[in-house]
1. Could you tell me whether segment 115-129 includes any residue that is part of a loop (DSSP other than H, G, I, E, B), open to solvent by less than 10 Å² (accessible area, probe 1.4 Å) and under 20 Å from TYR83 (Cβ atoms)?
2. Return the pair list, or none, for Cβ contacts closer than 7 Å from residues in segment 89-109 that are under 23 Å from ALA129 (Cβ atoms) to residues that are open to solvent by 60 Å² or more (accessible area, probe 1.4 Å) and part of a helix (DSSP H, G or I), at least 6 apart or on different chains.
3. Please determine whether any residue of segment 59-76 is of a type outside the set (Ser, Thr, Tyr), closer than 22 Å to ALA226 by Cα and open to solvent by 60 Å² or more (accessible area, probe 1.4 Å).
4. For segment 52-100, enumerate the residues that are of a type in the set (Val, Ile, Thr) and closer than 21 Å to GLY219 by Cα.
5. Checking GLY102 against (1) surrounded by 15 or more Cβ atoms within 10 Å (Cβ to Cβ); (2) of a type in the set (Gly, Ala, Ser); (3) within 19 Å of ALA167 (Cβ to Cβ), which single condition isn't satisfied?
6. State yes or no: is GLU141 within 17 Å of MET240 (Cα to Cα), in contact with a Lys or Arg (Cβ under 8 Å, 6 or more places away or on another chain) and either modelled with pLDDT of 95 or more or not aromatic (Phe, Trp, Tyr) (or both)?
Amino acid sequence: MTKKQLWKKIQMTFAAGGVMMTMLAGPAAPVAHAEDWGNILGGVIGISNTYNQYLSALLSLGNDPRQQNAALTKDMEDNGRCYDEETNAVVTSVMEQLINKGEYAMMPDSLPFRWRVNNSEEFNAFCTAMDYVSVNRGAVEQLNYNRDELAGVLAHEMIHGLKQHVAYDNAKTIATQYGVSLLQGSTDILTGTLLQVMANYNAAKNYTAPLENEADEMGFYLMASAGFNPGGFPAMVSRMP
């Protein structure tokens, strides 16, 4: 395959991805000639099917209590459980206030939140697709057990769960990888590596970053609606490493 032919194939594949990802809040599609639309349509169908299949599977996992329990168990095995009473008490107190007093809506195919404090010293927390929230002991300690600042962290993670961000983010990324895989069989190592870098950048910029911004914005309103001091959110951000 000549470089000209390869570049044309890249354009068609990213056009296919662009048409599909435009519907998924992705970048706009390149312009293609009329004779290319048959190939582009095939790419769109393949990417669309891949996205829908993975999204359906991930949403199904997110509504499975067994998977939620498995995520909790694995987290405790990997990171250890924090048994400090004060640390657990403040996290539970904040989570219960957010859940009971905050303004939000649960998706019908989602689970009630569960949470644990793990024993990691790093400043971090995460929410799985199964609405399991894991909070690092180090985050609680570095926030000096401040309930308003901790609410900023936990509200952010709750929004990831409430909006099912993990499922949608991963499905979009997998669909993009499918588009890249259509090309890599016809490329050399250097070009294949460049395609992978482009795909990773696209996923980070167009999928992950907007979801993080949404979790920040909606998490701010969630914590405020639950009665926490809104100033806790920017104060929490200022303490992040």
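The values are calculated or read from the model by the stated rules, or taken from the named source; none is laboratory data. Keep in mind it's a predicted model, so treat the numbers as computed, not measured. Ideal geometry is used to build each Cβ from the backbone, glycine not excepted, and the neighbour counts take in all protein chains shown. Note: accessible area is taken over every heavy atom of the protein model, side chains too, but ligands, DNA and RNA are not part of it. Shrake-Rupley method; radii C 1.70, N 1.55, O 1.52, S 1.80 Å.
1. no
2. VAL94/ARG147
3. no
4. Result: VAL90, VAL91, THR92, VAL94, ILE99.
5. The number of the failed condition is (3).
6. So GLU141 fails the test.
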